[in-house]
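Participant: Sharing a structure with you now.
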Amino acid sequence: MRLMVELGTAVGIVWRCLNGFNHDAFRRRHLWDLAQFHSLNTIQYLSYVDDSDVRACIQRNYESYQQLVLPVSNLLPTAVIMADCNDANVIVATDTYQVEAVGPLRITGLIDFSDAVDTWSCNEIAITMAYGLLSSYGRQHRYKALAGILVGYSRIRRLDDLELQCLPILIVIRLSMSVMIGAYSLSKDPSNEYLKLHSVPAREAIQFMCAFNIDAHTRFFQQIQNRLSAPATVVADATIDDEMLYDDSIYNALVNQIYGTMLHRS
Amino acid sequence: MQRIESYDDANFYCEAVDTRDGHDQQYRSYLIKCYNAVETCTEGSSNLLHGLGLMLSRINEKITTDLQVPTIVMPHNSNDLSSNYMLMDDCLLSDDSRQQVAVRLFKWIQGYEALFDCLSLMDGWLLTNNLR
């Protein structure tokens, strides 16, 4: 959980450093840009996904993207973002660089900025949360992975209401890209195991996200940000300190509150 | 040399053992980014590299925590961002063919001044298999 919070903080720090930065090279067409997903030949790529349930989830989410995100896209803040914060691009180490170092793991670096693009600012956290779901922690603790990354990020940059509404859709868009482009590439190179690295777990993550409606996810994210992210946030009349960010009971209570009836139903 | 996937560029987080000063444990960590040499030489990627260089410089200038991001290193104090790579012959691709690739160096551990001295020792670098 601590690494998830640190991960969100790391991309928040990058956002803060790049605030106001621009360069014409980043205003480019880019296959993996969430803001350009509608330019992707979705029908063609989708045909390579062999799981009909996953295909249906991707299709439904794409309709939400068209209906709820694109019409308000001009209102979303933009920035140059790294746009590829997946587990292979995060350097994790202990505090020392000794060969057999011991101690808690920390996030010490981010690498691979070659997908950097000028796009909606919230895409950075959407991408990070999407890949967070694919991490070993995220596969076991879906909600806490999402919450931890969001908490870390929004302690530096708070998302506005519109961004929070778009966030669940954008997370699934990134997962969809991974599944679709991965399936397409695998069809061209069936023996390439690397292509399965993200696309296979992404299918499960898509199904998790699509098991609940967008509004539920948005409410969860709003609650996380409002109750845990702001400096000097107060929950139940107690000032949040860092240790409370890792208190399972807070997240469990929010999950039950937001998803409770749906969880029982599923 | 690690296997280079042909479909994409790849990041290589590697450790370079430098025993020149007699300290056996004196090893440093670097990030090496390998590009397809043809891609590296296109006009479009040159502009992107320029933007990338400015982007990483900006982060490194502004950052106030110990979080690290790579820095594009200028060879021989050159300001030409398109020249900070060296060509390596016979790199193994995923289809088992071999190809010349451009290796771009990013300074990873801050403050190490002798990075380019190590270029001449490239063959002696111990590229560990710790790409995650």
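Readers should treat all values here as calculations from the given coordinates under stated rules, not as data from a laboratory. Just so you know, these numbers come straight off a predicted model, no measurement behind them. Positions of Cβ are generated from backbone atoms using ideal geometry, with glycine treated the same way; all protein chains shown enter the neighbour counts.
Participant: For Cα pairs less than 8 Å apart in space and 6+ apart in sequence, what is the mean separation divided by the residue count of region A:2-212, i.e. the relative contact order in percent?
Facilitator: 32
Participant: Further, regarding this structure: Rounded, prolate or oblate, given the Cα gyration tensor of region A:1-54, with a/c below 1.5 counting as rounded?
Facilitator: It is oblate, given that a/c is not under 1.5 and a/b is not larger than b/c.
Participant: Between A:Ile250, A:Ile169, A:Ile181, where does the largest GNM mean-square fluctuation fall for chain A, given springs only between Cα atoms within less than 10 Å?
Facilitator: Looking only at A:Ile250, A:Ile169, A:Ile181, the largest GNM fluctuation is found for A:Ile250.
Participant: If a/c stays under 1.5 just call it rounded; otherwise compare a/b with b/c (prolate if a/b is bigger, oblate if not). Do that for chain A, with a ≥ b ≥ c from the square roots of the Cα gyration tensor eigenvalues.
Facilitator: rounded
Participant: Oh, and also: If R0 is 25 Å, what FRET efficiency do you get for A:Val92 and A:Tyr246 from their C-beta distance, rounded to 0.05?
Facilitator: 0.90
Participant: Would you mind getting me the FRET efficiency between A:Arg158 and A:Asn256? Use the beta-carbon distance for r and R0 = 35 Å, nearest 0.05.
Facilitator: Efficiency, rounded to the nearest 0.05: 0.90.
Participant: Quick one: net charge around A:Leu133, please, counting Lys, Arg +1 and Asp, Glu -1 for every other residue with C-beta under 12 Å from its C-beta.
Facilitator: Local net charge: +3.
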